[in-house]
1. Roughly how many debye, to the nearest 20, is the charge dipole of the chain about its Cα centre, given +1 on each Lys and Arg Cβ, -1 on each Asp and Glu Cβ, and no other charges?
2. Quick check on the chain: what does the Kirkwood estimate of hydrodynamic radius come out to from the alpha carbon pairs, in Å?
3. Answer with one residue from Gly65, Pro40, Tyr93: the one whose Cα lies farthest towards the positive end of the charge dipole of the stretch 31-95, charges on Cβ with Lys, Arg +1 and Asp, Glu -1.
4. Per the Cauchy relation, a quarter of the hull surface: what is the mean projected area of the convex hull of the alpha carbons in the stretch 10-56, in nm²?
Amino acid sequence: QVQLVESGGGLVQAGGSLRLSCTASRSILSINAMGWYRQPPGKRRELVAAITSGGHTNYEDFAKGRFTISRDNAKNTVYLQMNNLEPEDTGVYYCAALHTLVNIDWGQGTQVTVSS
């Protein structure tokens, strides 16, 4: 198990950028993958992007070309750089430690609000 703390959310105008950070309570090297999810208002939580322990990345279609996930193993931290934000990107963003498909640790979430 690992505790995750997200930071970096906030209010930004459409077209702006934010960088989210997720710091783990221990080394993330042994975790299969780290991911960012989001939950828009009134909708289900959805995957945004994930990065494996080997550095392979995966993005949902809405994130391709705008968002970048990265990791700094020395700092036990995963980042999500979000550019060209749209109002539809508004929601709570969660960091996740994906030990397996069903064994997941979640952070508490950070609010991202994009104004038009």
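Values in this text are rule-based calculations from the coordinates and carry no lab data. Just so you know, these numbers come straight off a predicted model, no measurement behind them. Cβ placement follows ideal geometry from the backbone for every residue including glycine, while neighbour counts extend to all protein chains displayed.
1. Here the chain has a charge dipole of around 160 debye.
2. Across the chain, the inverse of the average 1/r is 14.0 Å.
3. The Cα lying farthest towards the positive end belongs to Tyr93.
4. 4.8 nm²
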